[in-house]
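The values are calculated or read from the model by the stated rules, or taken from the named source; none is laboratory data. None of these values were measured; they are calculated from a predicted model. Note that we place each Cβ from the backbone using ideal geometry, even for glycine, and neighbour counts take in every protein chain shown. Calculation scope for accessible area: heavy atoms of the full protein, side chains included, ligands and nucleic acids excluded. Shrake-Rupley method; radii C 1.70, N 1.55, O 1.52, S 1.80 Å.
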Amino acid sequence: MEVISIVLLLLLAVILSGILSRMLPLPLPRPLFQIGLGALIGLAADWRVTLDPEIFFLLFLPPLLFLDGWRIPREELFKDGKTIVELALGLVVATVVGMGFFIHWMIPAMPLAVAFALAAVVSPTDPIAVSAIAQRVPIPKRMMHILEGESLLNDASGLVCLRFAIAATLTGAFSLHQAAINFVWVALGGLAVGAGLTWLVSHAKNWVSRRYGEEGGAQILISLLLPFGSYLVAEHLHCSGILAAVAAGLTMGFVEGSGELAASTRIRRNTVWDVIQFTANGVIFVLLGEQLPAILAGAAETVRLTGHHEPWWLGVYVLAINLGLAALRFLWVWLSFRLSFFRQVDGQSTPNWRIVAAMSFAGVRGAITLAGVLTLPLVLSDGSPFPGRDLAIFLAMGVIIVSLLVASLGLPVLLRGLLMPPEHDQQSAEDAARVKAAEAAIARIEEVQHELAEGRADADLYVSAAARIMDGYRERIESRVGTREENAEMRRGEAIERRLRIAALKAERSQIFRMVRKRELGSELARKLIRELDLAEARHAAQLG
């Protein structure tokens, strides 16, 4: 019962964090509220969550990485691929090496391998935390795409580096040649397992659905099991389960292009995954706060072992690491943009300093950093305590909190009025796609109308019904084949129409609920009508957004 009570308390804290972040007029992201609530739980309640590193890694990382890979816009990932790779791989390696030596120099009592492990876990960035910070000041789409791509790849590369650092700590030896060979197997094997397993499972379930029908609940459950299955199979083969989960998500995005899944199943599945993402990220930050009091006490003792006697040295270490990370990221982003991004876009050789600064401030550490540092082993191979574990966890937590606070204050200022180099015209591509889809719909309506009406006495009913539907599609085509100004005017008219439709749908729903309360309508029929109205409103709201 105690375990169940703790889980329920953690979930309640996640819910309260969302309420507080909306209630309080503070420009702070939700993760900071979650950390604060977790700290209150750790101080007030006589409960301690004992985190097994392997179980923690398995529960939280595969679904989060899988979802990142699944939902990332692949075209944007490939378009700015060079810049993303420079940030996600080059910057991670530079961070692990540079910050590893810096941390060991600053804290000689922390072994070099442990310092490299700490540098590895603070190298990945967290775009979810950035999105939470910038809710009031929208991030330019292209910048967000680069941050998402960087985060997807540096999660994997940083955690793979962490794996080698932990292995070096446990064995006491490190061979660069052996590590390079092992890295190739770990990386390629993980990618192959994730992509292969997802491809096989997806084609198998599509074959079953075509022959025997689709069961929506089973389809959703399969998508939930895929990241865990990919992770476990890859780890069993001594490959990277992290890369397997990422590859599974990317492959899922490709195989879903067949469009064989029912629309209702897709809607339900997206809802389930939204809840999982919200819950997993929230619980991780609440756990961070819950662990903070105990780890602070342990880290203070570790500081005394290093020769210092004042706990405020912990704050000095955290600030020094944050400054080192910020300086390294700023220089790397500036160099990367100078060599590739701006020259590739508009021939400039000097990046805009505000864009570089915003990208640097956006290097917020979050859930992946915490998940990674909590996987540090409790003991070495001989049974002795893992050296500097509490101190490493505290420093990683400090990096997360300070980076969130600094970005909360700095990003809104830097992002206000900031424009990235322009992307390709997305509106023209959207218009062309809508026109082609409408033309295909009209052609199919005509075919089905003739099939249904053939030989029937009431054929005129089919003709009139088809005409009403086709008129709507022809209006869509006409609104997107004129000049740019005409199309913009038509889109404004469509936006007004959608707002009116949403208002009408809300009125319908209110009336249905009123009829239920007066017992003029049964609950089963009401649920059916409400679901139709909800789906219609969600569609119009998505088109407005």
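Structure summary
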| read-out | value |
| --- | --- |
| Hey, A297 open to solvent by 50 Å² or more (accessible area, probe 1.4 Å) and among the hydrophobic types (A, V, I, L, M, F, W, C) or not | yes |
| Any hit, the range 49-62, residues being open to solvent by less than 20 Å² (accessible area, probe 1.4 Å), touching a Pro at 6+ places or on another chain (Cβ under 8 Å) and either at pLDDT 85 or above or more than 30 Å from L243 (Cβ to Cβ) (or both) | yes |
| Identity of the residue in the range 427-466, farther than 28 Å from M490 by Cβ and among the small types (G, A, S), that ends up most open to solvent (accessible area, probe 1.4 Å) | A457 |
| Residues located in the range 379-392, provided they are surrounded by fewer than 24 Cβ atoms within 10 Å (Cβ to Cβ) and of a type in the set (A, V, I, L, M, F, W, C) | V379, L380, F386 |
| Selection within the range 453-490 - aliphatic (A, V, I, L, M), assigned to a helix (DSSP H, G or I) and more than 25 Å from A429 (Cβ to Cβ) | A453, A459, L461, V463, A465, A466, A467, I469 |
| The range 205-221, subset open to solvent by 50 Å² or more (accessible area, probe 1.4 Å) and of a type outside the set (D, E, K, R), residue modelled with the lowest pLDDT | Y212 |
| Qualifying position, being modelled with pLDDT of 85 or more, out of contact with any helix residue (DSSP H, G or I) (no Cβ under 6 Å at 6 or more places or on another chain) and not polar (S, T, N, Q), among L200, L176, L226 | L200 |
| The one condition in (1) surrounded by fewer than 18 Cβ atoms within 10 Å (Cβ to Cβ); (2) in contact (Cβ under 8 Å) with a residue 60 or more places away in the chain; (3) among the basic types (K, R) that R30 fails to fulfil | (1) |
| Count of the range 383-394 residues which are touching a helix residue (DSSP H, G or I) at 6+ places or on another chain (Cβ under 6 Å) and closer than 16 Å to P293 by Cα | 5 |
| Those residues of the range 235-262 which are within 17 Å of I55 (Cβ to Cβ), buried (at least 17 other Cβ atoms within 10 Å of the Cβ) and modelled with pLDDT of 85 or more, in sequence order | E235, G241, A245 |
| Candidate set: the range 358-378, residues that are part of a loop (DSSP other than H, G, I, E, B) and open to solvent by less than 10 Å² (accessible area, probe 1.4 Å); chosen: the one modelled with the highest pLDDT | V364 |
| Per-region count, the range 219-244, residues assigned to a helix (DSSP H, G or I) and either in contact (Cβ under 8 Å) with a residue 12 or more places away in the chain or closer than 13 Å to A195 by Cα (or both) | 18 |
| Qualifying positions in the range 263-278 - closer than 17 Å to E214 by Cβ and open to solvent by less than 80 Å² (accessible area, probe 1.4 Å) | A263, S264, T265, I267, R269, N270, V272 |
| Selection count, the range 245-291, where residues are in contact (Cβ under 8 Å) with a residue 60 or more places away in the chain and either aliphatic (A, V, I, L, M) or not in a helix (DSSP H, G or I) (or both) | 14 |
| Tabulated pairs, the range 513-538, first on the phi < 0 side of the Ramachandran plot, second open to solvent by 60 Å² or more (accessible area, probe 1.4 Å), C-beta under 7 angstrom, 6+ apart or interchain | V516/S523; L533/E508 |
| Residue selected from the range 480-517 under the condition within 30 Å of V435 (Cα to Cα), open to solvent by less than 100 Å² (accessible area, probe 1.4 Å) and of a type in the set (D, E), by the criterion farthest from the chain's Cα centre (by Cα) | E497 |
| Conditions (1) open to solvent by 70 Å² or more (accessible area, probe 1.4 Å); (2) within 34 Å of the chain's Cα centre (by Cα); number of the one not met by I469 | (2) |
| Residue count, the range 70-81 (criterion: in contact (Cβ under 8 Å) with a residue 40 or more places away in the chain, surrounded by fewer than 18 Cβ atoms within 10 Å (Cβ to Cβ) and out of contact with any Leu (no Cβ under 9 Å at 6 or more places or on another chain)) | 3 |
